[in-house]
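Heads up, the thing below is written out as structure tokens.
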Amino acid sequence: MAIQNRQSMRLARHARLRKRVSGTPEKPRLAVFRSLKHISAQIIDDTTGHTLVSASSREKDLKATGNVEGAKKVGLAIAERAKKAGLSTVIFDRGGFQYHGRVASLADGAREAGLEF
């Protein structure tokens, strides 16, 4: 399967998901992006289009890699930052990626730190 085809298929899955998943000020969207080396997450208010909180495995102070353990660290970090911003519940947006491995680990880390979805 060609990379371009794989990416277009993921974008189609994400578009299909986004028909139903939308963030509000009370319950923003936790969007996950997974690349080959890294993983990142953002909490987004879709009504204004602003990113409220973000975390990534590329951050030096986080000391996370792009593997499953690193994804869990990113999940813990995004949940802690969300708590500081006054957010407790979110809607999870897996971004067209399969809920498995690094994406599931990020979600588990966020739930461990007290974020509800």
**Message:** With bins 10 Å wide starting at 0, give me the P(r) of the range 3-112 over every alpha carbon pair, in whole percents.
**Reply:** 16, 47, 32, 4
**Prompt:** When the dipole is taken about the Cα centre of the chain, and only Lys, Arg (+1) and Asp, Glu (-1) are charged at their Cβ, what size is it in debye, to the nearest 20?
**Reply:** 460 debye
**Message:** Output wanted: per-residue J couplings in Hz (rounded whole) for the range 5-22, from phi through Karplus 6.51 cos²θ - 1.76 cosθ + 1.60, θ = phi - 60°, x for Gly and Pro.
**Reply:** 5, 4, 5, 5, 5, 5, 5, 5, 5, 5, 4, 5, 5, 5, 5, 9, 9, 8
**Fill in**
Going through K27/K63; K19/K60; K37/K84; K19/K63; K27/K73 one by one, the pairs whose alpha carbons sit over 26 Å apart turn out to be K27/K63; K19/K60; K37/K84; K19/K63
**Message:** Could you work out how much longer the chain between R13 and S88 gets when fully extended? Use 0.36 nm per residue separation minus the Cα distance between them, nm to one decimal.
**Reply:** 24.3 nm
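Here, each number is a calculation from the coordinates, and none is a lab measurement. None of the values given here were measured: they were computed from a predicted structure. Because the Cβ atoms are built from the backbone with ideal geometry, glycine has one as well, and the counts that use them run over all protein chains shown.
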